[in-house]
Amino acid sequence: MDNKFKRDSNNPKKDFSKKNSSKKSDNFDQQGFQWKQAGKTSLIWIMIISVAIYLSATFTDNAKKEPVLQYSQYKDFLQNHQIAEGTFVDNIFRGTLKTPQSIITKIGTNDNVSHFQVVLPFIDQDVMNEWEEYGVDYSFKEKSIDWTGYVLNMLPWLLLIAFWIFIMRRMQGGAGGMSNVFNFGKSRAKIWDNNMDKVTFNDVAGCVEAKEELKEVIEFLKHPKRFRKLGAKIPKGVLLVGPPGTGKTLLARAVAGQANVPFFSLSGADFVEMFVGVGASRVRDLFEQGKKESPCII
């Protein structure tokens, strides 16, 4: 059996060709609209992420304004009556200066510093007497988790992850569900079965010779045991050659409809991705799905 069929693009039966071209233009307009909407949504996401980064940077900048002093620096401020008040939390003394000071740290010089912190291993009666002697209002607090700081520091990263998931979902056609975001290697083939709109040779104009040749394939799909008893092998595939819009996919779908088997449709562009190895993975997944639905047409 010759598995190569050709069809002249100047076939007088052009009704279904026009129908396909109109569908393609509609799909193009719809995809263009979707990408336009995606662009607007992406702009909103970028603005949200920028605000989150600004808030995180502001919080970090405020943290930098509370430098860690060496013990000798702390003693100098204390003995010079520069410390107004302080709070002791988990071996850390957070103090407030009476007037802003320039403080030299390991990172560099910080100007106009009003708050500081210093590590005090322990607090005894002598330390508290010293605070009272130099007029420091002090208090003690239990250690608590600063959820505000954690949230502000993590917010930009969480938003970037959410934006990445949003883009991946757009690339996969907007399918819902978290699992679809990571299924890069899964096939995106469209599946038609007997419960959906059935297409037969009556829906295909022309292609008389191709239809006649494909009837043998249909018999193979309908009655495989009959041919196996005779020692015949089922054809692995059929090559249809022709310009876009001449009915190759419609003819293949009609073969599946005539044989009452599922039909998998996937274009070559669906195998192309920005990630290496995704195309090959989708090919393998497509044929695994085909084996599960065997007999079928891909």
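Rule-based calculations on the coordinates, nothing more; no lab input. Treat the numbers as computed from the prediction; the structure is a model and nothing was measured. FYI the Cβ positions are ideal-geometry reconstructions off the backbone, even for glycines, and counts take in every protein chain you see.
Given the peptides 232-241, 127-136, arrange them by the average over their residues of other C-beta atoms within 10 Å, most packed first. Could the numbers behind the result be given before it?
Values: 232-241: 11.5, 127-136: 13.8.
Going by the mean number of other Cβ atoms within 10 Å, highest first, we get 127-136, 232-241.
Backbone phi angles across the stretch 280-295, fed through the Karplus curve with coefficients 6.51, -1.76 and 1.60 (θ = phi - 60°), yield HN-Hα couplings of 5, 5, 5, 5, 4, 5, 4, 6, 5, 5, x, 5, 5, 9, 4, x Hz in residue order; Gly and Pro are listed as x. Extending 7 Å from the Cα toward the beta-carbon at both Ser72 and Thr249 defines two label points whose distance is 7.8 nm. Look at Ser265, Ser50 and count the other Cβ atoms within 10 Å of each Cβ; fewest to most, that gives Ser50, Ser265.
Where both bridge residues fall in the stretch 65-144, DSSP classifies roughly 75% of the beta bridges as antiparallel.
Can you give the charge dipole size of the stretch 65-144 about its Cα centre, rounded to the nearest 20 debye, using +1 on the beta carbon of Lys and Arg and -1 on the beta carbon of Asp and Glu? In debye, rounded to 20, the stretch 65-144 gives about 380. The modelled label-to-label distance for the pair Ser102/Val208, using points 7 Å beyond Cα in the direction of Cβ, is 10.0 nm.
Of the residues Lys222, Lys106, the one with the fewest other Cβ atoms within 10 Å heads the list, and the complete ranking is Lys106, Lys222.
Could you calculate, for the stretch 65-144, the ratio of the Cα radius of gyration to the Kirkwood radius, expressed as Rg to Rh?
Details: Rg = 12.0 Å, Rh = 12.8 Å.
Over the Cα atoms of the stretch 65-144, Rg/Rh equals 0.94.
The label-point distance for Met47 and Leu230, in a model that sets each label 7 Å from Cα toward Cβ, rounds to 7.0 nm.
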